[in-house]
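Here is the structure we will look at, set down as structure tokens.
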Amino acid sequence: MTYSTQPTASHFINGAYVEDTSGTPIDVIYPATGDKIATVHAATPAIIEQAIESARAAQAEWAALTGTERGRILRRAADMMRARNHDLSVLETFDTGKPYSETSVADATSGADALEYYGGMAATLTGEHIQLGEDWVYTRREPLGVCVGIGAWNYPTQIACWKGAPALACGNTMIFKPSESTPLCALKVAEILHEAGLPAGVYNVVQGLGEVGSSLVTDARVDKVSLTGSVPTGRKVYAAAAAGMKHVTMELGGKSPLIVFEDADIENAVSGAILGNFYSSGQVCSNGTRVFVHASIKEAFLDRLSTRLRAAVIGDPMEPETSFGPMVSERQMQIVLDYIAKGQAEGARLVTGGARLDRPGFFVSPTVFADVTDDMVIAREEIFGPVMAVLDFETEADVMARANATEFGLAAGVFTRDLARAHRVAAGFEAGTCFINSYNDAPVEAPFGGVKASGVGRENARAAIEHYSQLKSVYVRMGDLEAPF
Ligand code: NDP
């Protein structure tokens, strides 16, 4: 391997790489081979202290810049990310195992979109003026302070930017903790932001497992926590943040429905089901893993799906034509294989896939179960792997009740040519992010997030600004002030 995957040091604090080898070593494994490609060290209490103090010290000066000045740095970083897209995509592939055919169009590019979008928006962030007769109130839109971002392992570059860009645009500083499985990419984001002119201490990265995240979340000097992770972790982090009355954004898991009505364009519906189940080897929070197909078209749908899955190019993720890569880790692969075994034990019909591939790395073949029923474990729990459950339905009322009968509410999709039905169904979904005749689009311009157990708050769009800033009201009296005595 000629590409260097060992970072300069484990952490990026106060504008520079920092190491403390007394922290627990974390091996970074390339999921496509199982080889160790780097080692980082978990943050020690001394490193955590350094990060929090740097972020605190830098915040007031950063917030005192004009929005135009802050935005210019973010936009410059966006341009640099695009210019370095190839190297960043290769690193993302090493970190996650996702094929280069995906990472080169969906990771650094999406991160750059967020930096550009919030860079452009920074100068437009204002309070308002409220006239009250002669008196008036004005509101100041102020930053929250020090924000902690905690990331999942499926989109390490994107998550680092989706949290960092709006936080920084609003005048906050950030400490970002990547998942222990994918520690490499966020360091590059920090490096680029600082090359683009970000003052030291404004965006920091510290490594570690859950306990490092937990130390950050419970620190009284931290004002906001944004987590991307599973529902169980979300419950813990939300509770810890609540104890300190901190602001939160929770981007959590899902078990989203994708409904294919009898009048749907089957090719498009199959495309949606593929994108919503097998992109990133199924490791996408918003995936439509419960595919409800009208009984009258089920076999036609399964035929086309099976045929198209045979065209998946599974293999070396660095090869440009590869379209399907490994699971992120051996542990995640084992979790997925256990769910596949449960599906078979519960009597679901295995249409295709269902096994680990006989090659190095953590590859599980794209798997489709049909004749799945609502009570099966594979229809109720988030698998976070390439396992699609196909369920039959007969009527719209029935399928809507079943689609919503889950504690999750991240995403939902519908395929139909009947536009009135499409909008009625979208309105009826208990989900934060819905798709009509499409699946898993995530443009920075659109709010993204979940309802019910899938989350609190929204990322992206103008909506995220509300979660990284707060309003101060200032009442201004123009005349004399009367008092009762
Ligand atoms: P986890 O919930 O296991 O971990 C998420 C992050 O939280 C990791 O960085 C983890 O550290 C950290 N963490 C764990 N425990 C604590 C704690 N007590 N306090 C603070 N931080 C903690 O999720 P995964 O990394 O396994 O990611 C998969 C999950 O993420 C899936 O459920 C998926 O649906 C969800 N997800 C949601 C998205 C969304 O936008 N809604 C997008 C992508 C994924 P470490 O793992 O290093 O120990």
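Per residue of the chain, what 222 nm ellipticity follows from adding -39500 (n - 2.57) for every DSSP H run with n ≥ 4, rounded to the nearest 500? Don't skip to the answer; put the middle values down first.
Numbers: 16 runs with 185 residues, N = 485.
After summing the helix terms and dividing by the residues of the chain, the value is -11500 deg cm²/dmol.
Sorted from largest down, give the three principal axis spans of the alpha carbons of the stretch 170-286, whole angstrom values.
Result, largest extent first: 55, 37, 28 Å.
Distance in nm between label sites at Tyr475 and Ala16, each 7 Å beyond Cα in the beta-carbon direction?
Each label point is offset 7 Å from its Cα along the Cβ direction, giving 5.0 nm.
Using a simple spin-label model with points 7 Å from Cα along the Cα→Cβ vector, what separation in nm is obtained for Lys236 and Ala446?
Label at Lys236, label at Ala446, 3.3 nm between them.
Under a 1.4 Å probe, what is the accessible area of the chain per residue, stated in Å²? Could the numbers behind the result be given before it?
Details: 18880 Å² over 485 residues.
Each residue of the chain exposes 39 Å² on average to a 1.4 Å probe.
I need the per residue convex hull volume for the stretch 263-348, using only the alpha carbons, in cubic angstrom as a whole number.
Working: hull volume 10.2 nm³, N = 86.
It comes to 118 Å³ per residue, whole-number rounded.
Hey, for a label at Thr139 modelled as a point 7 Å past Cα toward Cβ, could you say which residues of the stretch 441-485 have their backbone N under 12 Å away?
Under cut-off, by backbone N: 466-467, 469-474.
Name the residues whose placed amide hydrogens come within less than 5 Å of the amide hydrogen of Ala38, ignoring near sequence neighbours (fewer than 5 apart) on the same chain.
Val28
Could you grab the relative contact order for the stretch 219-355? Cα pairs under 8 Å, six or more apart, rounded to a whole percent. Could the numbers behind the result be given before it?
Values: 135 pairs, mean separation 23.6, N = 137.
Here the relative contact order equals 17 percent.
Go from 0 up to the bin containing the longest alpha carbon distance in the chain, width 20 Å each, and give me the % of pairs per bin.
Bins of 20 Å from zero give 24, 53, 20, 2, 0 percent of pairs.
When the C-alpha atoms of the stretch 86-133 are aligned to their principal axes, what extent does each axis show, in angstrom, from largest down?
In descending order, the Cα extents are 62, 15, 14 Å.
Let me check the size of the stretch 5-64 from its C-alpha atoms; what are the radius of gyration and Dmax in Å?
14.5, 48
Under 8 Å for C-alpha pairs, at least 6 residues apart: give me the relative contact order for the chain, rounded to a whole percent. Don't skip to the answer; put the middle values down first.
Values: 1148 pairs, mean separation 87.5, N = 485.
In percent, rounded to a whole number, it is 18.
Determine the shape class of the stretch 388-485: with a ≥ b ≥ c the square roots of the Cα gyration tensor eigenvalues, call it rounded for a/c under 1.5, and otherwise prolate if a/b is greater than b/c, oblate otherwise.
On the way: a/c = 3.09, a/b = 2.66, b/c = 1.16.
Taking the square roots of the gyration eigenvalues as a ≥ b ≥ c, the stretch 388-485 is prolate.
Over the stretch 162-315, with every protein chain in place, what whole percent of the accessible area is carbon and sulfur at 1.4 Å, could you tell me? Before the final figure, lay out the partial values.
Values: 2490 of 4410 Å².
So the carbon and sulfur contribution to the accessible surface is 56 percent.
What nm distance separates the two modelled labels at Ser365 and Glu61, each placed 7 Å from Cα along Cα→Cβ?
5.9
Compute the length gained on full extension between Ala243 and Gln6: take 0.36 nm times their separation in residues and subtract their Cα-Cα distance, giving the result in nm to one decimal.
Separation in residues times 0.36 nm, less the Cα-Cα distance, equals 81.6 nm.
What is the percent carbon and sulfur in the accessible area of the stretch 381-485, measuring with a 1.4 Å probe over the protein chains and ignoring ligands?
Values: 2760 of 5020 Å².
With neighbouring chains kept in place, the figure for the stretch 381-485 is 55 percent.
Pull out a ≥ b ≥ c, the square roots of the eigenvalues of the alpha-carbon gyration tensor of the stretch 379-434, then state rounded if a/c is under 1.5, prolate if not and a/b is larger than b/c, and oblate in the remaining case.
Working: a/c = 1.74, a/b = 1.51, b/c = 1.15.
Prolate, because a/c is 1.5 or more and a/b exceeds b/c.
Quick one: Cα convex hull volume of the stretch 156-224, Å³ per residue?
Details: hull volume 5.6 nm³, N = 69.
Spelled out: Cα convex hull of the stretch 156-224, divided by residues, is 80 Å³.
Rounded, prolate or oblate: which one fits the stretch 34-90, using the alpha carbon gyration tensor with axes a ≥ b ≥ c (rounded when a/c is under 1.5, else prolate when a/b beats b/c, else oblate)?
oblate
Over 25 Å between Cα atoms: which of Lys177/Lys472; Lys298/Lys342; Lys188/Lys255; Lys36/Lys163; Lys177/Lys342; Lys188/Lys246 fall into that group?
Values: Lys177/Lys472 30 Å; Lys298/Lys342 23 Å; Lys188/Lys255 32 Å; Lys36/Lys163 28 Å; Lys177/Lys342 33 Å; Lys188/Lys246 28 Å.
Too far apart for the 25 Å limit: Lys177/Lys472; Lys188/Lys255; Lys36/Lys163; Lys177/Lys342; Lys188/Lys246.
Give me the percent of DSSP beta bridges within the chain that run antiparallel, rounded to the nearest 5.
Working: 29 of 66 bridges.
Approximately 45 percent, going by the DSSP bridge assignments.
Explain nothing, just the number: relative contact order of the stretch 56-124, from Cα pairs under 8 Å at least 6 residues apart, as a whole percent. Please report the intermediate quantities before stating the final value.
Details: 65 pairs, mean separation 33.3, N = 69.
With pairs under 8 Å counted, the relative contact order is 48 percent.
The values are calculated or read from the model by the stated rules, or taken from the named source; none is laboratory data. Remember, predicted model here, so these are calculated numbers, not experimental data. Please note: Cβ atoms are built from the backbone with ideal geometry, for glycine as well, and neighbour counts cover all protein chains shown. Surface areas here come from the heavy atoms of the whole protein model, side chains and all, with no ligands, DNA or RNA. Shrake-Rupley method; radii C 1.70, N 1.55, O 1.52, S 1.80 Å.
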